[in-house]
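K.L.:
First the structure, then my questions, so here it is.
The values are calculated or read from the model by the stated rules, or taken from the named source; none is laboratory data. Bear in mind that the values here come from a model prediction, so they are computed numbers and not experimental data. In this analysis, Cβ positions are derived from the backbone assuming ideal geometry, glycine residues included, and neighbour counts consider all displayed protein chains.
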Amino acid sequence: MKCLQIISSKTIEKIAKLRIGEKKLSQVVQYLNKPGDLLDRINDPQIKFVIFGIKEDIGVLANNGRPGAREIWDYVLKALFNIQSNKYTNASNILVLGHLDFSDLYASHTSINTEKTLMTYRKQVETIDQNVNQLVYTIVKAGKTPIVVGGGHNNAYGIIKGCALAMKTKINAINFDAHTDLRAPEGRHSGNGFSYALEEGFLDRYFIFGLHENYISKKILKYINASKSKIKFSSFEDLIIRKKDSIKKSEKNAIKFISESNFGIEIDCDAIENIPSSAQTPSGFSVSQTRQFVHFFGSHKKAIYLHISEASRVDNENLNDQTGKLISYLITDFISAISNN
């Protein structure tokens, strides 16, 4: 797979801060020696989780969003590699591949005709879809659990498609998000990954958790109401502002709706309060509530992947480090939940 950039030993040495008497995650997780080792390593019975990043924000640009998601993977690695390896982190069954790199697509951006910018970006997202789909298919076909980090929420489509094709059946999804991402199939971008997955028959049931009422268009709300057997949501306002429903009750309703089949867990960082993202919110779920969400759904035997998207790099290195640390918590929460269920 030409877009897969594996982690080099130099990168590990640069990132890992080792201490005498301690063992860090970077010293225990598994790696590839070369991209050609993928099939052999991924079929190792010791491996249960496969982590990779996606360095792109073209899907966000194609949706007129704020870029930055392309660069967050490096900060996640920095945080993840420096947590302790112990009985809680279960690091020996993790394979860290590296990331999907789309530098060749970005190289063409300087020559794009302004009038055709969105059209070009949306066509490039199709290329990204193919690479994400192919890698996820390979991981799931080998019976492993993918954990995907970085990029825009457009990548949900490639992940869902890869899982569905590998399992030869539709899957379900729970999306922790302020937005539906059900915009019209007008060309691929970060706002319509689930629309395409539903339309093309890869996604069956879809639950949006914590949807912000201010950002549901009449057209999409009408579409959801006409698709109640396939699409449901709980609003952030009902859960947190009006307290019409409790988070726990809504989680139980959601799990009942999606768990008849295998399902993926989608975390859009737009839903987490004050986390730098393509559509950062001043009013959202707390970090602890997000971690509890990942633990709850990850603990179910039908959970088959975790996807964390839309977190963005900003001009504040301390804040970037904190974002990386947050995502490393979500990764280990998911691994712990599955390992202990």
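K.L.:
Return a yes/no flag: does segment 184-195 have any residue that is closer than 29 Å to residue 142 by Cα, touching an Asp or Glu at 6+ places or on another chain (Cβ under 6 Å) and either assigned to a helix (DSSP H, G or I) or of a type in the set (Val, Ile, Thr) (or both).
P.N.:
yes
K.L.:
Could you list all residues from segment 172-221 that are more than 19 Å from the chain's Cα centre (by Cα) and of a type in the set (Lys, Arg)?
P.N.:
Selection gives 218, 219.
K.L.:
Consider segment 1-35. How many of its residues are assigned to a loop (DSSP other than H, G, I, E, B), under 24 Å from the mean Cα position of the chain (by Cα) and β-branched (Val, Ile, Thr)?
P.N.:
Final tally of qualifying residues: 3.
Matching residues to (1) touching a strand residue (DSSP E or B) at 6+ places or on another chain (Cβ under 9 Å); (2) within 25 Å of residue 133 (Cα to Cα):
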residue	(1), (2)
9	no, no
13	no, no
40	no, yes
56	yes, yes
66	yes, yes
78	no, no
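K.L.:
Is there a residue in segment 212-232 that is among the aromatic types (Phe, Trp, Tyr) and within 21 Å of residue 164 (Cβ to Cβ)?
P.N.:
Looking for residues that are among the aromatic types (Phe, Trp, Tyr) and within 21 Å of residue 164 (Cβ to Cβ), one finds none in segment 212-232, hence no.
K.L.:
Output the number of residues of segment 165-196 satisfying the condition of being out of contact with any helix residue (DSSP H, G or I) (no Cβ under 8 Å at 6 or more places or on another chain) and small (Gly, Ala, Ser).
P.N.:
Within segment 165-196, residues that are out of contact with any helix residue (DSSP H, G or I) (no Cβ under 8 Å at 6 or more places or on another chain) and small (Gly, Ala, Ser) number 2.
K.L.:
Considering only segment 36-73, state which residues are within 17 Å of residue 330 (Cβ to Cβ) and part of a helix (DSSP H, G or I).
P.N.:
The answer is 69, 72, 73.
K.L.:
Here is a follow-up. May I ask you to verify whether residue 296 is touching a residue at least 60 places away in the same chain (Cβ under 8 Å) and either more than 23 Å from residue 56 (Cα to Cα) or aliphatic (A, V, I, L, M) (or both)?
P.N.:
no
K.L.:
Quick test of your reading of the structure: residue 308 fulfils all but one of (1) of a type in the set (Val, Ile, Thr); (2) over 14 Å from the mean Cα position of the chain (by Cα); (3) not in a helix (DSSP H, G or I). Name the failing condition by number.
P.N.:
The failed condition is (2).
K.L.:
Okay, moving on. Do any residues in segment 177-196 that are under 19 Å from residue 127 (Cα atoms) and at pLDDT 95 or above have Cβ atoms under 6 Å from those of residues that are buried (at least 24 other Cβ atoms within 10 Å of the Cβ) and of a type in the set (Asp, Glu), where the two are at least six apart or on different chains, and which pairs are they?
P.N.:
So the pair list comes out as 191/181; 193/181; 194/181.
K.L.:
Starting from residues that are hydrophobic (A, V, I, L, M, F, W, C), outside any helix (DSSP H, G or I) and touching a Phe, Trp or Tyr at 6+ places or on another chain (Cβ under 9 Å), keep the ones in segment 98-130 and report whichever is farthest from residue 186 (Cα to Cα). Don't jump to the end; show me each part of the working.
P.N.:
First pass over segment 98-130, keeping only residues hydrophobic (A, V, I, L, M, F, W, C): 100, 102, 105, 107, 112, 118-119, 125, 128.
Going one step further and asking which of them are outside any helix (DSSP H, G or I), we end up with 100, 102, 112.
After this cut, where a residue has to be touching a Phe, Trp or Tyr at 6+ places or on another chain (Cβ under 9 Å) as well, the list is 100, 112.
Values: 100: 25, 112: 20 Å.
Across segment 98-130, the extreme among qualifying residues is 100.
K.L.:
Cβ contacts < 9 Å: first residue in contact (Cβ under 8 Å) with a residue 24 or more places away in the chain, restricted to segment 116-130; second residue of a type in the set (Asp, Glu), any location; separation 6+ or different chain. Result?
P.N.:
122/186; 124/56; 125/56; 128/56
K.L.:
Those residues that are of a type in the set (Gly, Ala, Ser), under 16 Å from residue 286 (Cα atoms) and touching a residue at least 60 places away in the same chain (Cβ under 8 Å), I need them from segment 237-274; list them, please.
P.N.:
Across segment 237-274, the qualifying residue is only 271.
K.L.:
All but one of (1) aliphatic (A, V, I, L, M); (2) over 20 Å from residue 257 (Cα atoms); (3) free of Cβ contacts under 8 Å to residues at least 40 places away in the same chain; (4) touching a strand residue (DSSP E or B) at 6+ places or on another chain (Cβ under 9 Å) hold for residue 139, so report the exception by its number.
P.N.:
With (1) aliphatic (A, V, I, L, M); (2) over 20 Å from residue 257 (Cα atoms); (3) free of Cβ contacts under 8 Å to residues at least 40 places away in the same chain; (4) touching a strand residue (DSSP E or B) at 6+ places or on another chain (Cβ under 9 Å) applied to residue 139, the lone miss is (3).
K.L.:
Moving to a separate point now. Return the residue satisfying two criteria in turn: it lies in segment 131-163 and is aliphatic (A, V, I, L, M), part of a helix (DSSP H, G or I) and over 13 Å from the mean Cα position of the chain (by Cα), and of such residues it is surrounded by the fewest Cβ atoms within 10 Å (Cβ to Cβ).
P.N.:
Only one residue tops the list, namely 140.
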